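Just so it is clear, none of the values below were taken in a lab; they were calculated from the coordinates. It should be emphasised that the depicted structure is a prediction, and the values quoted were computed from it without experimental measurement. Using ideal geometry, Cβ is built from the backbone for each residue, glycine included, and neighbour counts are taken over all protein chains shown.
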Amino acid sequence: MLDDAGQLVVNFLSNDIVERNLQWVVFLVFALYFFFSWRREVRDTRRKEAEERRGDQILSMQRIRLTETNLATNHRLEKIDAGGAAPMVSFNLTLANIGDGPLDILCALMCARVLDAGYRPGIGTHGRNVEWGDHRPFYWNERDSTGRFAGLSTTKSMVISADQYMRLAPGAKGVLRRKDAMRPAQQLSTNRGLSLKYQGFVVARGYPLGEIWRQLGGRPPDLLESLDLARLQFRAIARPDLHRWRCVQEALFNLNRLVFRLALEGSAYKSSYDRQIKKGVDEDTAKRTAEIEAASMAQDPLGLLMTPDAWRFFLLHHMEFVDLRGHPAADTDPSKVAVKGNPELQDVTALMETLTQRVKAEYLPDLIVPDDFTTDPNYREARDVCCGRLQHVVASWNRLTQVIEECRKYRITQAAGNFISNSSGEGSKAADDGYVYFIKNEQTHRNLWLAYLREGYLISKPFPRKGKPSDYYDEYDIPEDPRDLEPYVMLPLSLDTTLSE
């Protein structure tokens, strides 16, 4: 075979036509070589550019998520008759999906305060702004029983129950309500109104286009060729993870339970009282001081979640307030170590429900705290019982609030110092934010973040890296700013409204 091939080449070169035009043959061969080399190089360059462009598009798709303009809100305040009892103030918040994809409402937290110039004299004059802290608060455990409300300033989750999901289809509307009772002796006069300021936020989860493609089986690099675009119009896509959705709602519901607030207040009272006694303070003074500190610690738990980073950390830890058996933290996590070998404490929701029924039957009928609760022995006994049964839940809450506080201080202290000493004139970066630092450098929170990334509901799951299985993600999948993969938006609300007679 080789001999035949060699003879063919010899015959070709010895041909008279070829021999007379040998230089042109050689030129043609080189021309063809460089042509195909150029074609290959152009093809490789175009492929690389296409991959880079497609990568940018994928990142853009991840960024194409719900924004504030896709969720329109409207509110209305009215006083309604409660059938001879104290009148009710009803705050109605209407949510409208004005986008082209479904929205899952993960939570709606709202609290209110009353504008009262007597509470902060001088506000609104000489350039003095009227801020949130200038409004008069009314908390559920306020020791003063003469205010217009009892609990208006306590942040409440406006979702009715943990297993009632609100999903808004494109063009759909939904209404969330919060009702607060007015004290009969403090009802409005006929010639006077009441100015209320409601503040909170709504968290709504959208569906990035890249995530929808992944659910339909699309894979890079040829997303447009790997699925039927007509299926994008089918509204069954972007299915929510109902289990995870329920767990988030359930965690908010549990943190809003009376038994948890009683446990939080009881734990704070015990810690403060013991601390005062160790300082040599007399018993009566220690009790009074402990009551004040305990009331402050328990007056508004959910209010501590109404900042972006606080909400993000809550999502990572929310299973600690639902069911520790489903918490993706390691077995060495303090939340799991505290209940190791005690199965009845691991299901937090069941524990709280049992405790709620006990408090209702033995101490506080209908779970209503009386105006004279500070001298009511049933209240204090119920507080002690809740504190004893929910010690591990209170400990989880204290750890969460400590992380939130450390995150808040990070930008002011450590990150600010590093920026001043290492500044290159480029301005601040994402790593200067406490949440980003915790996710990238603190193993516990990084592992929790990756666990929910693999699940793909609370954090958008990116397309897998080349050569990696579809369910494999590690620290190299954390983008420069982990918040880029958040599939939800927090829509802050600050609403002024007037209640008239």
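Here are the numbers for this structure:
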read-out	value
Any chance K336 is closer than 28 Å to R244 by Cα, surrounded by 16 or more Cβ atoms within 10 Å (Cβ to Cβ) and of a type in the set (K, R)	yes
Residues of segment 238-278 classified as among the charged types (D, E, K, R) and closer than 19 Å to G303 by Cα, total	4
Residue match in segment 103-113 (condition: more than 19 Å from L176 (Cα to Cα) and not polar (S, T, N, Q))	no
Test: residue in segment 152-171 that is over 21 Å from the mean Cα position of the chain (by Cα) and charged (D, E, K, R)	no
Some residue of segment 344-353 being in contact (Cβ under 8 Å) with a residue 60 or more places away in the chain and over 22 Å from the mean Cα position of the chain (by Cα)	yes
Residue, surrounded by the most Cβ atoms within 10 Å (Cβ to Cβ), within segment 117-162, restricted to residues that are within 29 Å of A294 (Cβ to Cβ) and aliphatic (A, V, I, L, M)	L152
Unique residue being buried (at least 19 other Cβ atoms within 10 Å of the Cβ) and either in contact with a Phe, Trp or Tyr (Cβ under 7 Å, 6 or more places away or on another chain) or farther than 16 Å from Y435 by Cα (or both) when the list is P482, P492	P482
Any hit, segment 275-288, residues being crowded, with 20+ Cβ neighbours inside 10 Å and not charged (D, E, K, R)	no
